[in-house]
2 protein chains.
Amino acid sequence: ARATFLETIATQIEALGDELIERAVAETGLPRPRIQGERGRTCGQLRTFARTVRAGEWLDVRVDSAQPERQPLPRGDLRQRHIALGPVAVFGASNFPLAFSVAGGDTASALAAGCPVIVKAHGAHPGTSELVGRAVALAVKACGLPDGVFSLLYDSGYALGVALVSDPRIKAVGFTGSRRGGIALTQAAQARPEPIPVYAEMSSINPVYLFPAALEARAEALAQGFMTSLTQGAGQFCTNPGLVIAIQGRGLDRFISAAREQLPHCAAQTMLTPGIFSAYAAGISALSEHAHLAAKGLAADGPNQGQAHLFVTQASAFLGNEQLQAEVFGAASLIVQCADADEVRQVSEHLEGQLTATLHLDADDVASARALLPVLERQAGRLLVNGWPTGVEVCDAMVHGGPYPATSDSRSTSVGTAAIQRFLRPVCYQDFPDALLPEALQHGNPLLLRRLLDGQREA
Amino acid sequence: ARATFLETIATQIEALGDELIERAVAETGLPRPRIQGERGRTCGQLRTFARTVRAGEWLDVRVDSAQPERQPLPRGDLRQRHIALGPVAVFGASNFPLAFSVAGGDTASALAAGCPVIVKAHGAHPGTSELVGRAVALAVKACGLPDGVFSLLYDSGYALGVALVSDPRIKAVGFTGSRRGGIALTQAAQARPEPIPVYAEMSSINPVYLFPAALEARAEALAQGFMTSLTQGAGQFCTNPGLVIAIQGRGLDRFISAAREQLPHCAAQTMLTPGIFSAYAAGISALSEHAHLAAKGLAADGPNQGQAHLFVTQASAFLGNEQLQAEVFGAASLIVQCADADEVRQVSEHLEGQLTATLHLDADDVASARALLPVLERQAGRLLVNGWPTGVEVCDAMVHGGPYPATSDSRSTSVGTAAIQRFLRPVCYQDFPDALLPEALQHGNPLLLRRLLDGQREA
C-alpha cells in the first residue's frame, strides 16, 4: 500500500502537466528544460522508493531461533525488524523546487519509511509547492490513507520552522539549506526534552583535485569541464566545485590560462532569490579581500544576476585563513596552488567535511591519488574520478551527505534509496506467538524476505 | 586482520585466568558465577563481532553500473561501501565490569567497525579495567597494529570525560550509565564546533504488562518470576522490571498477595558502589512519598546493601506524577492498577522511551495485546512475551536501545551484531578505475560479497 501511495503521488504530479512546469519556471527563473528534468527526477525517485519498499530489505529482518536446550541458560526466539521513527518535518530547498521540496527526496524517503510528513514549503516557490501539495493530497485520498499522512505549511520566517522542530510529536527533521538555518534547527532539536535527529544538508565547497599527469595531458579540456560545472544553474548547487587544488607548474598554469580565457564569455544568470543574490555578492566581496581575482564572467544585465568569479591563492594563504573555505553559494571558485604533494595533503586535511571530492587523474597519477584517498574518504561522502560533482544520480549507491558541516549527520544520505534508513529504528520481538508477530517476522516468512536467519543470509 | 584482532583480545582475556575473576569479584561485590558468565559473554561477543566483520554485510556494498548510452544523460559507475567514523570514546559501565567496560560491547563494536577506541575506565573497578586493558594491549602487539588503536584512561570525575568527548579527534561516543551523565556527554558533544553522535544508554523502567487471562491462570507463578527478575544482581540492570501495569481484579490481587508473601524472604544484596546505594535509598524515599508500600525484602545486615521494595499505586495517580516513572536503579518496582484496558493504554502512552516492554499473556489476551502493540513498538526497543526483561542475548536480532531517554539515539542497539552500524558511514565512489577502488568494491568482487548490484541482491 505504501509503495502504491508513492507511485500515485508520482502519477498525480505528472497529471499536473504544463501548469506545474510554467509555475516553477516563473517562480524560480530556472530554465524550462531544467524544471522538466527535475520533474522527471522527482517522479522517478518516488517510484524508486516504491521499489525499495517492496523489496523489503529496509526491514533488516533478523531471526535468531530459540535454543531451549542451551546450557547454562536457554535462548529465546528473537526477531528484529525496523519501524518508522514517527512524524517527520521536511524543509523544502530553494534550489530544487521539485526534487528537494514538497514531494522531493526527503518526503519520499520519509514516506517510504512509513513516517507521516509535514512539509514547510520554501518561500521562493509557493505556487509550485501548492500545486505539488495538492497532488500529494489527491494521492492520499486515492489510496484511502488518513489525512495526517501529509501536511503542507507556509511561512516566511524562522519562527514556524523552530516551532515545528520543537513540537514533541515530531520525531525527525530533513532540511536542505544554509549552514545558519541547519544549525538553528539542529540546536532547536537538541534543546527539546526529547532530542531528535536532524538531517541537515548545509554547506560544501566540493574540492576538485587536479593531478599532474592529467593536467599535463588535458589542462584546457579540464578548464572547459570546470567552467560548465561551475556555472551550471548559476552555481546554485550544493555540489558546485568551489575549490580547485593542484600542484603549481606548467599544467596548472595552462589550466588557469584557459579558465581566464573562457570565463569572460560566461553569461551572468538570474539567481533564485534576492536573498541568495545578496549573499553571493557578500561572499564574492569577502573572497576578493583575501585572494587574487583570476577572471570573471560577463557582467549582469538584469536584477539579481550572478556574475561568475574565479580566484587564485597559495596553499600557505589558504591554510592561514578559514574564510577562504566558506561556502559561496553561486558560480564562484578558488584555485589553491600547492608547492608539492605534501602541501596538497595539508590543504586536504585542513578542509571541513564535504559532500564530494573530485579527482582528475591519468594512469601516472594513480599512486599519488591512492596515497591521498584515506584523507578524502574521511572528508567527503562521494568521491569522483574524472567527472564533475554537479549532477547527483538517484540510485542505490549514491551518497549525498558527508562529515559536518556538509551535513549534520554523516551516517546517512539524502539522495538515493539508502535514505530510507534515516527514518527507521530497530525493534526486537522476543518469544512472540506467531499470531502477535508482524507479518515480516512471522515464522512462515510470508513476505518471502531474505532474512538473516541464525547468522546466515537466506538465498 | 580486524577479525583476528577481536579474537586475539578474547584469547588474551581468557589467558588472564582466575586473576581476572578474583579481581572483579573483589571490586564489585558481584558473585563469582556472575563474573564468570560475564567473561564468557565478553569473549563471546568479541568472537561474534569477528564473524560479523568476516561476513562483510556491514560494508553494505551497492553497485550501480555505468549506463553510457542513457538519454538524456549517461550514468556513471557508482559504488558504495561503509567506512569507520573515526576514533571512538567509550565509557565503561559500573554494573558490567567486563561485558560493558574496557573490552565490552561498545569497544567490540567500534573496533569491529574499524574505529580506534579510547576507553575511560569506570572508577568502580580499576584493577579489573587495568587487567583487561593489558590484555587488549597484548592483542594489539600480537596483531602488529599501531598503539593508537586502543587506549585506556583513568579518572574519577566528569572533567576528563567531557574533555575526551570535546576533543576534535573523537568522532563518536559510547556510554552506559545515569541519565545525568548521558545528558552531560550528549550536550558536550553537541556543543563542539563539529557535533558528533553519542550513543548513551541512560535510563529505563521496563514496563511489564500483565494481561487478565494470564493473571487468572498463573498469578502466583508470575509473582515468583517477577521477584527473581526484580532482585537479580541487586536490581542493578538497565532492564530491571521497575513497573508493572495491570487491570485491577481478582487476578491482580492474587499477584500482589503472592508478591507480598514472597518479597519479605528476599535477602538484601550488596550494591556495586556507595554512590549507587545512596541513590537507591533516595529513590526509595521518593517512591515512598507518592505510592503505597506493598512489601519489602529482608533488611540489610551490612554496608551498602539494597533492600528490595515493592510499591502500588492507581493509574490516575501515576498519570498525575512524573516522579513515579523515574528510574530507581536497584530492586524497586511499582505496580500500577488500571480500571480497564483504556487506562492501560493511557498509562502506556504516558511512559517515556524504554529499553524493553514485557507482555504476560495467554491465548485469550492476544487480541488486547495486539491492540496495545503499536503503542509498545513506539515506546521500546525490545518487546517480550511471557519472559522477563533481565538477561540480554548477544545475537543478530537483539535490540538493546530504545526511544529517548532509554537511549540518546534510538536508531541503533548497543548489544548484538547490529551495533557495528553505530560507528559507520557510507562513502560513494564514482567512476573509479579498479586500481583505485577498495577491495570490497572492485569489479571482480574479490571478497565475494553479496552486493546490491543494479537493484538486485546477489545470491
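The values are calculated or read from the model by the stated rules, or taken from the named source; none is laboratory data. Only a predicted model underlies this, so the values are computations on that prediction, with no experimental measurement involved. When we count neighbours, we look across all protein chains shown, and the Cβ atoms used for this are built from the backbone with ideal geometry, even at glycine. Ligands, DNA and RNA are excluded from the accessible area calculation, which covers all protein heavy atoms including side chains. Shrake-Rupley method; radii C 1.70, N 1.55, O 1.52, S 1.80 Å.
Please work out if A:P446 is facing another protein chain (nearest Cβ under 8 Å) and either closer than 30 Å to B:A369 by Cβ or touching a helix residue (DSSP H, G or I) at 6+ places or on another chain (Cβ under 7 Å) (or both). No, not satisfied. Number of residues in region B:272-299 that are among the hydrophobic types (A, V, I, L, M, F, W, C), more than 30 Å from B:P212 (Cα to Cα) and touching a Ser or Thr at 6+ places or on another chain (Cβ under 9 Å) equals 4. Considering B:T390, B:T407, B:T413, the condition of being over 21 Å from B:L111 (Cβ atoms) and β-branched (V, I, T) is satisfied by B:T390 alone. Checking A:E216, A:E201 one by one, the residue that is among the acidic types (D, E), within 28 Å of the chain's Cα centre (by Cα) and at pLDDT 95 or above is A:E201 and no other.
Of the set (1) in contact with a helix residue (DSSP H, G or I) (Cβ under 7 Å, 6 or more places away or on another chain); (2) open to solvent by 30 Å² or more (accessible area, probe 1.4 Å); (3) among the charged types (D, E, K, R), all apply to A:R51 but (1). When you check B:I183 against the structure, is it in a loop (DSSP other than H, G, I, E, B), aliphatic (A, V, I, L, M) and within 20 Å of A:D409 (Cβ to Cβ), yes or no? Against the criterion (in a loop (DSSP other than H, G, I, E, B), aliphatic (A, V, I, L, M) and within 20 Å of A:D409 (Cβ to Cβ)), B:I183 does not qualify. Here B:A286 meets each of (1) assigned to a helix (DSSP H, G or I); (2) crowded, with 18+ Cβ neighbours inside 10 Å with one exception, condition (2).
In the set (1) more than 29 Å from B:T228 (Cα to Cα); (2) open to solvent by 10 Å² or more (accessible area, probe 1.4 Å); (3) aromatic (F, W, Y), B:Y404 fails one condition alone, (1).
Is it the case, given these coordinates, that B:G391 is at the interface with chain A (Cβ under 9 Å from one of its Cβ atoms) and within 12 Å of the chain's Cα centre (by Cα)? Let's see the steps before the verdict.
Working: at the interface with chain A (Cβ under 9 Å from one of its Cβ atoms): yes; within 12 Å of the chain's Cα centre (by Cα): yes.
Here the answer is yes, as B:G391 does meet what is asked.
Scanning region B:432-454 for residues that are open to solvent by less than 60 Å² (accessible area, probe 1.4 Å), touching a residue at least 40 places away in the same chain (Cβ under 8 Å), in a loop (DSSP other than H, G, I, E, B) and under 24 Å from A:G387 (Cα atoms) returns B:F432, B:L437, B:P438. A:S151 satisfies every condition listed in (1) within 13 Å of chain B (Cβ to nearest Cβ); (2) open to solvent by 30 Å² or more (accessible area, probe 1.4 Å); (3) of a type in the set (S, T, Y) except (1).
Only residues that are small (G, A, S) and either at pLDDT below 95 or surrounded by fewer than 24 Cβ atoms within 10 Å (Cβ to Cβ) (or both) were counted in region A:100-120, giving 1.
Among the criteria (1) touching a helix residue (DSSP H, G or I) at 6+ places or on another chain (Cβ under 6 Å); (2) more than 24 Å from B:A55 (Cβ to Cβ); (3) more than 7 Å from chain A (Cβ to nearest Cβ), the one B:P403 does not fulfil is (1).
Considering region A:362-387, the residues that are out of contact with any Leu (no Cβ under 8 Å at 6 or more places or on another chain) and at the interface with chain B (Cβ under 9 Å from one of its Cβ atoms) include one that is nearest to A:P241 (Cα to Cα), namely A:G387. How about region B:181-195: which of its residues are within 12 Å of chain A (Cβ to nearest Cβ) and open to solvent by less than 10 Å² (accessible area, probe 1.4 Å)? Matches in region B:181-195: B:G182, B:A189. The sole residue among B:A246, B:A221, B:A200 that is open to solvent by 10 Å² or more (accessible area, probe 1.4 Å), small (G, A, S) and either assigned to a strand (DSSP E or B) or without any contact (Cβ under 8 Å) to a residue 12 or more places away in the chain (or both) is B:A221.
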